[in-house]
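The values are calculated or read from the model by the stated rules, or taken from the named source; none is laboratory data. These figures come from a predicted structure and were not determined experimentally. Quick reminder, even Gly has a Cβ in these numbers, built from the backbone with ideal geometry, and neighbours come from all protein chains shown. Accessible surface areas use protein heavy atoms only, side chains included; no ligands, DNA or RNA. Shrake-Rupley method; radii C 1.70, N 1.55, O 1.52, S 1.80 Å.
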Amino acid sequence: MLVTGGAGYIGSHAAKALSRAGYEVVVFDNLVAGHREAVRYGELVEGDITDVAAVRDALRRREIFAVMHFAAFLDVGESVREPARYYRNNLVGALSVLEAMVAEGVRLFVLSSTCATYGEPIETPIPETHPQRPINSYGETKLAVERALPHFERAHGLHSVALRYFNAAGADPDGEIGEDHSPEIHLIPRTIAAATGGPGLQVFGDDYPTPDGTCLRDYVHVADLADAHVRALERLVRTGASGAYNLGTGHPYSVRDVIETVERVTARTVPWTLAPRRPGDPAALYAAAGKAKAELGWEPRFPDLESIVRTAWGWHQTHPNGYGGA
Ligand SMILES: NC(=O)c1ccc[n+]([C@@H]2O[C@H](COP(=O)([O-])OP(=O)(O)OC[C@H]3O[C@@H](n4cnc5c(N)ncnc54)[C@H](O)[C@@H]3O)[C@@H](O)[C@H]2O)c1
């Protein structure tokens, strides 16, 4: 298995799950946002996904049979400011990987996609059939890759699954690997940082049409995402049927729920201030999660916010500076 972006947060957890399931993993990553220390399951090949020759070389030398593609940039705000960087890395990068696969005869592909491809929801929970109308260039780049996939299937017999994650969260329950983005853009690690002396948290708007006025999101445990990848791959091997699946629990939690849960789990206070709404933040984003359950047999092991926060807190306690040292 080639795991692009396997030195990153979700890719490193997928590499572990794949290795546990008996696959030999090769990580392909340029470490632009990943960590050498996160590569514990399989060899690290350092390279850039936009370099077709380098990807071809990795595929050929290691006799790769399938690719899981995590490598991408994922900061929505940055994607709005710097669309060229996002199109180059996320779209050109993915096309380079697909081109290399075709050239080397590798025909199975699992894509990290995102609920950001849906844009402003017209119904919640969001089913896979919801219109895909992204409102930022990050979502556009991921959707463009999704849209390319049927063409690669028709032209080259390349079968694929797009997994549309909601909010990835938590850390490896064994405490080996965890979340270390720089800057950290995700709510749970930012809330934990605020509780432990880091910058105070900003809550962007408390007048949304939600029960407590703050935004509702669907937090899905990173180990559950990793498990879903193994299941998606196995279905692809078994049936060759391409498709797209939401990966979320279907149970939304508010920003206030996150603050309260972090306070309970850490037994500390989270300092926070109210800030204006951010443009483009929908009030509620959560998945209709039935398709992955029905077709992949996927059932999250950490469906509740408390167990997600507990694993994130466990990782933070042993790695307060992430991979940068204890
Ligand atoms: N974290 C989330 O909540 C979330 C939600 C939806 C979708 N996703 C998608 O999941 C994937 C992984 O996200 P993550 O949170 O693990 O991010 P991450 O930044 O931790 O990992 C991405 C990895 O890709 C590598 N990478 C980036 N550009 C590369 C390039 N040109 N060549 C080689 N390697 C490169 C980085 O070094 C990093 O190790 C992304 O595709 C992202 O769009 C993430």
Practice prompt. Please identify the pairs in which a residue from segment 287-305 that is open to solvent by 70 Å² or more (accessible area, probe 1.4 Å) has its Cβ atom under 8 Å from the Cβ atom of a residue that is part of a helix (DSSP H, G or I), counting only partners at least 6 apart or on another chain.
Written response: Glu295/Arg235; Glu299/Lys293; Arg301/Ala223; Arg301/Asp224; Arg301/Asp227
Worksheet item: Only one of Val102, Val92, Val80 is open to solvent by 20 Å² or more (accessible area, probe 1.4 Å), within 12 Å of the ligand (Cβ to nearest atom) and assigned to a helix (DSSP H, G or I); which?
Response: Val92
Practice prompt. Sort through Ala58, Ala38, Ala7, Ala15 and tell me the only one that's open to solvent by less than 30 Å² (accessible area, probe 1.4 Å) and farther than 19 Å from Val110 by Cα.
Written response: Ala38
Practice prompt. Look through Asp212, Asp224 and report the one residue that is modelled with pLDDT of 95 or more and not in a loop (DSSP other than H, G, I, E, B).
Written response: Asp224
Worksheet item: Restricting attention to segment 138-182, which residues are within 20 Å of Leu95 (Cα to Cα), open to solvent by 20 Å² or more (accessible area, probe 1.4 Å), within 16 Å of the ligand (Cβ to nearest atom) and of a type outside the set (D, E, K, R)?
Response: Tyr138, Ala144
Worksheet item: Has segment 211-225 got any residue that is surrounded by 19 or more Cβ atoms within 10 Å (Cβ to Cβ) and away from the ligand (no atom under 16 Å from the Cβ)?
Response: yes
Worksheet entry | Selection within segment 122-134 - touching a residue at least 60 places away in the same chain (Cβ under 8 Å) and either crowded, with 17+ Cβ neighbours inside 10 Å or of a type in the set (S, T, N, Q) (or both) | Thr124, Pro125, Ile126, Glu128
Worksheet entry | Set Arg268, Arg256, Arg264: member being part of a loop (DSSP other than H, G, I, E, B), in contact (Cβ under 8 Å) with a residue 24 or more places away in the chain and open to solvent by 20 Å² or more (accessible area, probe 1.4 Å) | Arg268
Worksheet item: Going through segment 25-67 one residue at a time, which ones are in contact with a Ser or Thr (Cβ under 8 Å, 6 or more places away or on another chain) and more than 10 Å from the ligand (Cβ to nearest atom)?
Response: Val25, Arg40, Tyr41, Gly42, Val52, Val67
